[in-house]
Amino acid sequence: MILINQMVLDVNQFEGTNLSREQIRTLQLMERYSGTYYYHALSQLKFELDLRQQTIQASYLLNQSGADFATFETSKCNERYWILTRRGGFRLRPGVLPHTAINDIFYNGRLYAFECALAMVLTFYKAVLEEIGPMQFNYLFPRIYLFSWEFDQDLGLRGHLGTDYLPGDCVYFQNPDFHPNTPEWNGLNAILLNGDLYFGHGFGIGSADEIIAALNSQRSPYATRSAFLNNLITRPNFHYLSQFAR
């Protein structure tokens with residue numbers, strides 16, 4: 001159920017509007033799930049739908065960027081914009097505009113290497129940048145630090161347990177019997193795209209079955225448990241971010 005200021009939204013009214021086919025499908029999924037989605041105004045819902053689409057577009061862009069997968073120990077960055085920390089994180093270099101540094105990763109990806117959690121946070125940052133514009137983005141995130149699941153509080157990433165998967169969500173494929181020599185394959189963070197497609201840094205874009213098969217190939221000898229999509233879903237704080245919409 002979708003509630004706009006306590007009124008139930010009729011998804012059918014959006015047929016023939018300027019919403020994309022993928023956005024209408026997202027609305028239909030929200031209506032189908034057992035939970036309730038609350039919005040103070042229709043503009044909040046529209047912002048979320050747009051930001052979800054931007055997340056999907058950022059996923060494709062990062063996949064095409066040339067950025068490599070790496071462990072924390074082997075991470076690298078363009079030090080014109082970022083300072084590489086001992087932990088393998090990227091700290092914004094003083095004097096560099098945040099939106100410029102984020103964009104550089106997507107357009108000069110060959111100069112970067114990082115692990116999959118950082119890739120997810122980065123994808124959300126890029127989506128927000130495209131949705132609210134450079135001025136608001138630089139105001140909200142003046143001191144970006146990229147490392148694993150660390151993020152600015154204004155991004156507001158929140159996880160919950162459920163099965164209400166929506167395009168633009170970050171999900172997790174767990175590999176319980178991963179090989180001890182390759183602990184980086186204990187699982188894969190991925191962005192749900194449209195349909196049964198996912199983007200996972202280090203894997204690329206593929207179906208759930210393809211991701212599970214890839215993780216299963218990295219298991220211990222005589223492993224008995226298959227990799228699987230668990231029920232952890234991570235999303236930004238759409239309601240909070242919507243106040244900065246252009």
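Just so you know, in the range 161-215 the residues that are assigned to a loop (DSSP other than H, G, I, E, B) and in contact with a Cys (Cβ under 6 Å, 6 or more places away or on another chain) include one that is nearest to Arg25 (Cα to Cα), and it is His201.
Residue-wise test of (1) open to solvent by 40 Å² or more (accessible area, probe 1.4 Å); (2) basic (Lys, Arg); (3) touching a residue at least 60 places away in the same chain (Cβ under 8 Å).
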{"residue": "Gln6", "(1), (2), (3)": "yes, no, no"}
{"residue": "Gln13", "(1), (2), (3)": "yes, no, no"}
{"residue": "Ile24", "(1), (2), (3)": "no, no, no"}
{"residue": "His40", "(1), (2), (3)": "yes, no, yes"}
{"residue": "Lys76", "(1), (2), (3)": "yes, yes, no"}
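Here Asn63 fulfils each of the conditions (1) in contact (Cβ under 8 Å) with a residue 40 or more places away in the chain; (2) more than 19 Å from the chain's Cα centre (by Cα); (3) open to solvent by 40 Å² or more (accessible area, probe 1.4 Å); (4) under 30 Å from Tyr107 (Cβ atoms) apart from (2). Identify, from the list Val128, Val121, Val171, the residue that is closer than 18 Å to Glu48 by Cα, without any contact (Cβ under 8 Å) to a residue 40 or more places away in the chain and buried (at least 20 other Cβ atoms within 10 Å of the Cβ). Every option except Val121 fails the conditions. Note on the range 109-118: among residues that are in a helix (DSSP H, G or I) and open to solvent by 10 Å² or more (accessible area, probe 1.4 Å), the one that is modelled with the lowest pLDDT is Cys116. If we scan the range 227-244, do we find a residue that is at pLDDT below 95 and open to solvent by less than 50 Å² (accessible area, probe 1.4 Å)? No, the range 227-244 contains no residue that is at pLDDT below 95 and open to solvent by less than 50 Å² (accessible area, probe 1.4 Å). Mind checking whether some residue in the range 22-32 is assigned to a loop (DSSP other than H, G, I, E, B), more than 21 Å from the chain's Cα centre (by Cα) and on the phi < 0 side of the Ramachandran plot? No, every residue in the range 22-32 fails to be assigned to a loop (DSSP other than H, G, I, E, B), more than 21 Å from the chain's Cα centre (by Cα) and on the phi < 0 side of the Ramachandran plot.
The values are calculated or read from the model by the stated rules, or taken from the named source; none is laboratory data. Only a predicted model underlies this, so the values are computations on that prediction, with no experimental measurement involved. Note that we place each Cβ from the backbone using ideal geometry, even for glycine, and neighbour counts take in every protein chain shown. Each accessible area value is taken on the protein alone, full model and side chains, heavy atoms only, with ligands, DNA and RNA left out. Shrake-Rupley method; radii C 1.70, N 1.55, O 1.52, S 1.80 Å.
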